[in-house]
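The values are calculated or read from the model by the stated rules, or taken from the named source; none is laboratory data. On a predicted model such as this, the values are computed, not experimentally measured, just so you know. Note: ideal-geometry Cβ built from the backbone for every residue, glycine included; neighbour counts use all protein chains shown.
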Amino acid sequence: MTRLKFNKIIFFSLLFFPAGLIYGQNKISARATVDKNKILIGDRLNLFLEATYPQGNAIIFFKVDSIPHFVIIDSTKTDTSKTAGKITLKRQFLLTSFDSGRRVIPPFILNKKIKTDSVPVTVMFSDFDPSKDYHDIKDIVELPPVKDRNWWLLPAVISVLVVVAMAWLLWQRKSQNVIAEIPKIDAYKEAMQQLQQAERNTGSPKQFYSLLIDIFRLYVFRKKGILSLQETTDDLVVQLRQLNLEKELFGHLSQSLQLSDSVKFAKFIPSEQDNKMTFETIKRSIEEIERLIAK
């Protein structure tokens, strides 16, 4: 190699090295992480989303409305920080899942080119302890029939009830008192009164959440004809789409209904913040439905 060629190589290396360094500094990055990759069904985990931009770039952040196989319980506001010519945005989501198996949180996309990696999470039931004794289901044990020595009690009770009923009918005919008709209470006012009582409820979380959801289910049945008292939460959410609630309020309502199932059926223990959020969501939903009806 001649000295002239060697000098050219050195010259072009020094010329393109700063350009490569500047490109690396201007690169947009995004990532998603969780604090644990294995949870018991109904347990919680934290999802962290982060995006880094060079200063001067147009800044957007992930829009997260729902995640397949997971329930979004809560989320923080987007936190923004600036360091060394870069802008970093971070947001944290509190998730749970009642869908057992190996699940994957899909990539989150900033634009058509920048996206995070997918995150695997295993949702499992409690481990079975083989060291403990196995208790099989016992067969039905037939008991010998018991002779009814007090056979005369049933006819005697029936006779007494007949006499009491006849006496009551005679008294009703002779009575001159006019029974005032009980005024009908509006479904909305009744729901608000029941919510006030529920707010002072000091029972177990299961009783509190059951009471809140029953109040909501009865209200939408009486006001909108949505028969939901025997429906599952998923079926109820599908029916509630026809109410045209505000998107954010509908999302909070769906989460509150699913959280109620977690408390009632998965023995999930909610925080005080969960209780307040669920109560306010149910109340706001009833108020919004009433406002839409009044239009």
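Do the conditions hold for Ile67, that is, is it surrounded by 14 or more Cβ atoms within 10 Å (Cβ to Cβ) and either of a type outside the set (Val, Ile, Thr) or out of contact with any Asp or Glu (no Cβ under 7 Å at 6 or more places or on another chain) (or both)? Steps first, answer last, please.
Details: surrounded by 14 or more Cβ atoms within 10 Å (Cβ to Cβ): yes; either of a type outside the set (Val, Ile, Thr) or out of contact with any Asp or Glu (no Cβ under 7 Å at 6 or more places or on another chain) (or both): yes.
Taking the combined requirement at face value, the residue satisfies it.
If you scan segment 212-223, which residues turn out to be crowded, with 17+ Cβ neighbours inside 10 Å and of a type outside the set (Phe, Trp, Tyr)? Working first, answer last.
Of all residues in segment 212-223, those crowded, with 17+ Cβ neighbours inside 10 Å come to 212-213, 215-217, 219-220, 223.
Of everything in segment 212-223, those that are crowded, with 17+ Cβ neighbours inside 10 Å and of a type outside the set (Phe, Trp, Tyr) turn out to be Leu212, Ile213, Ile215, Arg217, Val220, Lys223.
When the residues of segment 276-295 are narrowed to those that are closer than 26 Å to Gly42 by Cβ and of a type in the set (A, V, I, L, M), which ends up surrounded by the most Cβ atoms within 10 Å (Cβ to Cβ)?
Checking each candidate, the answer is Ile282.
Restricting attention to segment 77-115, report how many residues are surrounded by 12 or more Cβ atoms within 10 Å (Cβ to Cβ) and not in a strand (DSSP E or B).
Residues that pass the stated criteria total 9.
Name every residue in segment 246-259 that is in contact with a helix residue (DSSP H, G or I) (Cβ under 9 Å, 6 or more places away or on another chain), free of Cβ contacts under 8 Å to residues at least 60 places away in the same chain and over 19 Å from Gln197 (Cβ atoms), in order of residue number. If you could, list the steps in order and put the result at the bottom.
Step one: list which residues in segment 246-259 are in contact with a helix residue (DSSP H, G or I) (Cβ under 9 Å, 6 or more places away or on another chain), which gives 246, 249-250, 252-259.
Next, only the ones that are free of Cβ contacts under 8 Å to residues at least 60 places away in the same chain stay: 246, 249-250, 252-254, 256-257.
Correct list: Glu246, Leu249, Phe250, His252, Leu253, Ser254, Leu257.
Exactly one condition in (1) without any contact (Cβ under 8 Å) to a residue 12 or more places away in the chain; (2) within 15 Å of Phe93 (Cα to Cα) is not met by Ala58; state its number.
That leaves (2) as the condition not met.
So for segment 127-139 (the condition being surrounded by 10 or more Cβ atoms within 10 Å (Cβ to Cβ) and either at pLDDT 85 or above or not assigned by TED's automatic domain parsing to the domain that holds Leu49 (or both)), does at least one residue qualify? Walk me through it before giving the result.
Residues of segment 127-139 that are surrounded by 10 or more Cβ atoms within 10 Å (Cβ to Cβ), as a first pass: none.
No, that holds for no residue.
Suppose the filter is part of a helix (DSSP H, G or I) and touching a residue at least 40 places away in the same chain (Cβ under 8 Å); does Asp214 pass it?
Values: part of a helix (DSSP H, G or I): yes; touching a residue at least 40 places away in the same chain (Cβ under 8 Å): no.
Here the answer is no, as Asp214 does not meet what is asked.
On the given criteria, is Ser159 among the hydroxyl-bearing types (Ser, Thr, Tyr) and modelled with pLDDT of 80 or more?
Numbers: among the hydroxyl-bearing types (Ser, Thr, Tyr): yes; modelled with pLDDT of 80 or more: yes.
Yes, satisfied.
Quick check on my filter: what residues within segment 231-264 are over 14 Å from the mean Cα position of the chain (by Cα) and of a type in the set (A, V, I, L, M, F, W, C)? Explain how you work it out, then say what you get.
Kept after step one, since they are over 14 Å from the mean Cα position of the chain (by Cα), are these residues of segment 231-264: 231, 235, 238-247.
Val238, Leu240, Leu243, Leu245 - these are the residues of segment 231-264 that are over 14 Å from the mean Cα position of the chain (by Cα) and of a type in the set (A, V, I, L, M, F, W, C).
Taking segment 217-245, which residues are within 15 Å of Arg284 (Cα to Cα), of a type outside the set (A, V, I, L, M) and free of Cβ contacts under 8 Å to residues at least 24 places away in the same chain?
Filtering segment 217-245 for residues within 15 Å of Arg284 (Cα to Cα) gives 217, 219-220, 240, 243-245.
Within this subset, residues satisfying the condition of being of a type outside the set (A, V, I, L, M) are 217, 219, 244.
Once the filter is applied, which keeps residues that are within 15 Å of Arg284 (Cα to Cα), of a type outside the set (A, V, I, L, M) and free of Cβ contacts under 8 Å to residues at least 24 places away in the same chain, segment 217-245 yields only Arg217.
Looking only at segment 260-275, which residues are out of contact with any helix residue (DSSP H, G or I) (no Cβ under 6 Å at 6 or more places or on another chain) and either in a helix (DSSP H, G or I) or crowded, with 17+ Cβ neighbours inside 10 Å (or both)? It would help to see each step written out before you state the result.
Here is the first cut: in segment 260-275, the residues out of contact with any helix residue (DSSP H, G or I) (no Cβ under 6 Å at 6 or more places or on another chain) are 262, 265-267, 269, 271-275.
Ser262, Phe265, Glu272, Gln273, Asp274, Asn275 - these are the residues of segment 260-275 that are out of contact with any helix residue (DSSP H, G or I) (no Cβ under 6 Å at 6 or more places or on another chain) and either in a helix (DSSP H, G or I) or crowded, with 17+ Cβ neighbours inside 10 Å (or both).
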